[in-house]
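So the structure is just underneath, and the comments pick up after that.
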Amino acid sequence: MGFISEFKTFALKGNVVDLAIGVIIGAAFGKIVSSLIEHIITPILLKPALDAAHLNNLHELTAFGSIKYGLFLSEVISFILVALVLFIIIKAINASKKKEEAAAPPAAPTQEQLLTEIRDLLKQQNNK
């Protein structure tokens, strides 16, 4: 088998394609969550604190004129909020999956279970 045909077989396997689709969708979803955090949640939560400090932007916080700890605080807050939003989303998804699983009908008996029941019935009939 040639190198190109091996690569084609590898690249077109279902797992690789599924992984690629997952990464692309994950990146797009990450942008949505980041935008939600940066443009909606963070301004709502930080507006009172920034007004009290007489600042327009958290990035303006500095120490000794050159240490921009406001940028660091902004990234930490963003991380915590992203983690919180993802936690809430995953919790909601898991709750909906549990509801679906609870509503699913019971599984049909397996072949072994049916054969065992038939055997037991035959034994009962022979003992009569």
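The values are calculated or read from the model by the stated rules, or taken from the named source; none is laboratory data. If you're wondering where the values come from, they're calculated on a predicted model, not measured in any experiment. Ideal geometry is used to build each Cβ from the backbone, glycine not excepted, and the neighbour counts take in all protein chains shown.
Please go through region 97-126 and pick out each residue that is polar (S, T, N, Q), exposed (fewer than 10 other Cβ atoms within 10 Å of the Cβ) and either modelled with pLDDT of 85 or more or in a helix (DSSP H, G or I) (or both).
Matches in region 97-126: 111, 124, 125, 126.
Go through region 56-76 and count every residue that is surrounded by 14 or more Cβ atoms within 10 Å (Cβ to Cβ) and under 14 Å from residue 45 (Cα atoms).
The number of residues fulfilling the criteria is 3.
Within the set of pairs 6 or more residues apart or between chains, which connect a residue that is within 14 Å of residue 38 (Cα to Cα) inside region 70-91 to a residue that is of a type in the set (Asp, Glu) and surrounded by 12 or more Cβ atoms within 10 Å (Cβ to Cβ) with Cβ atoms less than 8 Å apart?
Between residues of region 70-91 that are within 14 Å of residue 38 (Cα to Cα) and residues that are of a type in the set (Asp, Glu) and surrounded by 12 or more Cβ atoms within 10 Å (Cβ to Cβ), the close pairs are 78/38.
Among all residue pairs at least 6 apart or on different chains, which show Cβ distances below 6 Å where the first residue, located in region 36-47, is surrounded by 12 or more Cβ atoms within 10 Å (Cβ to Cβ) and the second is among the β-branched types (Val, Ile, Thr)?
Correct list of pairs: 37/82.
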